[in-house]
1. Across the stretch 92-113, which residue is surrounded by the most Cβ atoms within 10 Å (Cβ to Cβ) among those that are free of Cβ contacts under 8 Å to residues at least 40 places away in the same chain and over 18 Å from Gly172 (Cβ atoms)?
2. How many residues does the stretch 165-198 contain that are touching a Lys or Arg at 6+ places or on another chain (Cβ under 9 Å), at pLDDT 95 or above and closer than 29 Å to Pro109 by Cβ?
3. Determine, yes or no, whether Ala104 is hydrophobic (A, V, I, L, M, F, W, C), modelled with pLDDT under 90 and in the same structural domain as Tyr174 (by TED's automatic domain parsing).
4. Scan the stretch 126-150 residue by residue and report those that are crowded, with 17+ Cβ neighbours inside 10 Å and within 12 Å of Gly172 (Cβ to Cβ).
5. Which of the residues that make up the stretch 167-206 are surrounded by fewer than 17 Cβ atoms within 10 Å (Cβ to Cβ) and of a type in the set (Ser, Thr, Tyr)?
6. Considering only the stretch 107-124, state which residues are at pLDDT below 85 and either in contact with a helix residue (DSSP H, G or I) (Cβ under 6 Å, 6 or more places away or on another chain) or more than 19 Å from Ala182 (Cα to Cα) (or both).
Amino acid sequence: MLSQVPRTRMYVAAAVAAVVLVSVAVVLVLRNPFVPDAAGSDSTVAAAPSPTATPSEKESSSSSDSEDDETEKSDGNRALGLKAVATTSPGVTARLARIDSVQATASLPGEIGGPALAITVKVKNQTGKKLDLALGVVNAYYGPERTPAVSVASDGEVPFPASVADGESAKGIYVFQIPEEARPVRVELDLGNGADVVVFKGRPQR
């Protein structure tokens, strides 16, 4: 009996030690249970995209806006003054010889009577050959919004002749209904056949 007492005590001590080790392990786990998850959570947040626009998105948006603005402000033709002489193609010049205020009378469907401008356009041919004017077109606009002016063809309009000989000049008179207070006025001339579209812009004397 005496020899068994120490062995029993050894068993008890070992059991107590095991319980202590398990308790310590449980306490350590309970004190920091989310360490692995926390690390994973931090990495997920860092990788998530920001809700605000990135610099590249802002730059592309600004570039698009600036392009749209630039497209709206420029139509590819530099506007000249109303008294300027323009070269539409080699050897061909054009100018607005007269701008007269008139009171137009409408007689065709779609025309509007009232204050108007009779614009005389003169073209000079120095190309060395006959110049075709059959495709010549004159348009007018007024105000800062470039409102298209209505042509009053039935009241005093005289279109370009079909052609003009070398060394000669030809003219056409075009009447447009334009309010008296409308400023500025924009006149666009296109002689066709690959010639440049010429733009005249200014405030005519009424």
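The values are calculated or read from the model by the stated rules, or taken from the named source; none is laboratory data. Not measured: the values here are computed from a predicted model. Cβ placement follows ideal geometry from the backbone for every residue including glycine, while neighbour counts extend to all protein chains displayed.
1. Gln103
2. 6
3. Yes.
4. Result: Leu133, Gly136, Val138.
5. The answer is Ser169, and nothing else.
6. Ser107, Leu108, Pro109, Gly110
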